[in-house]
Structures are given as C-alpha cells and as structure tokens.
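First up is the structure itself, then whatever we jot down about it.
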Amino acid sequence: MSEDVSILLVNPIYAPTQQALETQYQVHRLWEAEDKNEFLASVADRVTGVVTDGGSGASAELLARLPRVKVVSVFGVGVDSVDLDYCKAKGVRVGNTPDVLTDDVADLAVALALASYRRLASTQDYLRAGRWVSEGPAALTTKFSGSMVGIFGLGRIGMAIAKRLEGFDCQISYCNRSKRTDVDYHYFPTVDALAEAVDCLILAVAPTPSMSGMIGSDVLRALGPDGHLVNISRGLLIDEAALVKALQEQQIAGAGLDVYVAEPNVPPELMAMDNVVLQPHVASGTVATRTAMGQLMLDNLSNYFAGKELAAFVA
Ligand code: 8YV
C-alpha cells in the first residue's frame, strides 16, 4: 500500500505533481522544517524514498541521514546534484525524467541564441522606453541563420538542438566525450577547439562536478568578439566571474543564459548588461512538459514500490 510509504520531499515541485504525490504517499516536506537535522532524525526510521528536483538533488550527507532510503526520484533529467557514487554503493535506485523535456529545452536553447544575436531583450527595452519615437530605429544586430554553431554535449537535447539549427541553415559542430557515428557534424575533441571554430557555443552537456567552471576565460577568448554563449545545461559549467569580464570587455558579443551557479541568485553584473538575455531556469517550464515530467517522476516511484523496473533511471 503506497499510502503507508514515507517519502521525503526535498523542495516544492510542480503543484499538481506534488498534490498527486501527497495523495499517494506520506510526504515529509524538508524545506518547511526549521531544524533540518532534527526533522531528518525524526523521519529516518520510516522514509524509504526521496523526491527532489534537478537543482537540489540529494547529497550523500542527506542520504546518509536516511539509511532506509532505497529510491531517489528526480523531477528533472539532470542528476548532477544527486550523489550517484553514494547511491550506487548503497544500492539506491535513481530515477529521472529524460525525453519528455527534450523539445522544450531545445526550443529554449534556440530562442536564447536568436535572442542573443538579435538583441531581443535590449531592443524591446529600447522600444518600451519610447526611444524608437525619440531617437529613431534601433541599432542593427547580427544575422543568426547560416552561422557556425557549436554544441557542447550532443546527447538527446544536443541532437534536438542540432535538428532545429538545420532549419536555420547553421553549420553545426560539436564536442562530445566521443565522436558520434550517426551524424556528419564536425567533431572537436575539446571544448576549447570547438569554441575557437564557431560563432555560437551552446552548452547542452550533462555535467559532472569535475566540469565546474570549465567555460572560463580561455574558452571565452577562443569564442572571440563575435561569439555568443548559450547555456541551458547547468550554471556550474561557467566561471561566472570570467563571463562577466568577457562580456564587460566585449571579448565575446553576447550570452543567453537559463541557468546559473547559485540559483536563484544571478550575478548583479549580468543583470545590468544589455548584451545578455537572462531566463530564470525555465527551459522545461511549460505546462505540458512539467505535467509529463511529473507523471514520469511518479511512475518511477510507483514502479519501484511495486517491485518493477523504473521507467527511466540513471542508477
Ligand atoms: C527543471 C532541470 O527545472 O531537468 C532538469 O534537470 O533542470 C529542469 O528541467 C528542474 O529539475 C525542475 O525544477
């Protein structure tokens, strides 16, 4: 009986999914606890599952306080914040929500590239401030169609981005752990070499903690003064101080960002720049996709407790 199963919910998730979860299980809301250590100790004897999102994940510290946990179900595809080594060592299964969000995330990546090239945010500000009337036409921008785009991480989402870019006649290159045999796109073994070769670098890789800050001053310098950086992966990939400097000094032309190092906090320097387009981590944020993610997250959980294989999992 799943109503007898106790789940730790690390943070609030999409409301209809949370409601369904709370109908089906005994849910303990971690974020509401004043003293988290005390709270975890009080539920440790009964919690057997954890539900979390891509940002909060589940650390080894958290899981070690809940020794009966056998499954972590992530509301998101990214599992970089889940301690997979710990989970594998302890036999904890980890479910996630791939595929159902691929289209939306790829759509937003292309939207951010277009918005960066065509300066959609600052040009809209220009219009809203009445400057079209008082000063005349806005400044010209840069053509996106036909440009050279590099995708760092040609997995499911990277491939969906590439498919869309073909519609814009872009010349597509990529950097992956290994060369894919099913595409003709130009392969670069390092992100530095990829950045050197393209006008627009799109980060779509599933990051590991060791990739922290790897998009730093060297990569940005290689991207160059006509280059645009788009990130729909994880903030940790970018050395944000180096990015701020590169944008301030026009070492690159612009950036389109959906993710940040310390979400929901965004470096104030980025907020103030008109060569950056910022989104608050919303790439998968449509009703249809969040509904599908919620269903998959719930299916992973119910499959586990019914003794069946998880619908989608990484461990
Ligand atoms: C979500 C994500 O924003 O899937 C991921 O890894 O980062 C996003 O889809 C997040 O997990 C839900 O809050």
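Numbers below:
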{"quantity": "Inter-residue pairs, beta-carbon under 8 Å, first under 17 Å from Pro12 (Cβ atoms) and modelled with pLDDT of 95 or more and in the range 36-57, second among the aromatic types (Phe, Trp, Tyr) and part of a strand (DSSP E or B), 6+ apart", "calculated": "Val51/Phe75; Thr52/Phe75; Asp53/Phe75"}
{"quantity": "Residues that are of a type in the set (A, V, I, L, M) and either touching a residue at least 24 places away in the same chain (Cβ under 8 Å) or in contact with a His (Cβ under 7 Å, 6 or more places away or on another chain) (or both), drawn from the range 1-26", "calculated": "Val5, Ile7, Leu8, Leu9, Val10, Ile13, Ala20, Leu21"}
{"quantity": "Among the candidates Ile151, Ile161, residue that is buried (at least 17 other Cβ atoms within 10 Å of the Cβ), part of a strand (DSSP E or B) and of a type in the set (A, V, I, L, M, F, W, C)", "calculated": "Ile151"}
{"quantity": "The range 248-260 - residue that is more than 14 Å from the ligand (Cβ to nearest atom) and surrounded by fewer than 24 Cβ atoms within 10 Å (Cβ to Cβ) and, of those, farthest from Leu112 (Cα to Cα)", "calculated": "Glu249"}
{"quantity": "Residue in the range 1-10 that is farthest from the ligand (Cβ to nearest atom), counting only those that are β-branched (Val, Ile, Thr) and closer than 17 Å to Lys36 by Cα", "calculated": "Ile7"}
{"quantity": "The range 149-169, residues that are of a type in the set (A, V, I, L, M, F, W, C) and under 23 Å from the mean Cα position of the chain (by Cα)", "calculated": "Val149, Ile151, Phe152, Leu154, Ile157, Met159, Ala160, Ile161, Ala162, Leu165"}
{"quantity": "Conditions (1) closer than 26 Å to Thr208 by Cα; (2) buried (at least 18 other Cβ atoms within 10 Å of the Cβ); (3) within 26 Å of the chain's Cα centre (by Cα); number of the one not met by Thr17", "calculated": "(1)"}
{"quantity": "Options Gly78, Gly95, Gly91: the member that is over 21 Å from Pro280 (Cα atoms) and surrounded by 19 or more Cβ atoms within 10 Å (Cβ to Cβ)", "calculated": "Gly95"}
{"quantity": "Flag for Leu278 being of a type in the set (A, V, I, L, M, F, W, C), out of contact with any Pro (no Cβ under 9 Å at 6 or more places or on another chain) and crowded, with 18+ Cβ neighbours inside 10 Å", "calculated": "no"}
{"quantity": "Entirely in the range 11-121, the strands (runs of 3 or more DSSP E) that have 3 or more residues that are within 16 Å of the ligand (Cβ to nearest atom)", "calculated": "47-53, 71-75"}
{"quantity": "Where Leu243 falls short, out of the listed (1) farther than 19 Å from Phe144 by Cβ; (2) more than 16 Å from the ligand (Cβ to nearest atom); (3) touching a Lys or Arg at 6+ places or on another chain (Cβ under 8 Å)", "calculated": "(3)"}
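The values are calculated or read from the model by the stated rules, or taken from the named source; none is laboratory data. No experiment lies behind these values; they were computed from the predicted model shown. Neighbour counts run over all protein chains shown; Cβ positions are idealised from the backbone, glycine included.
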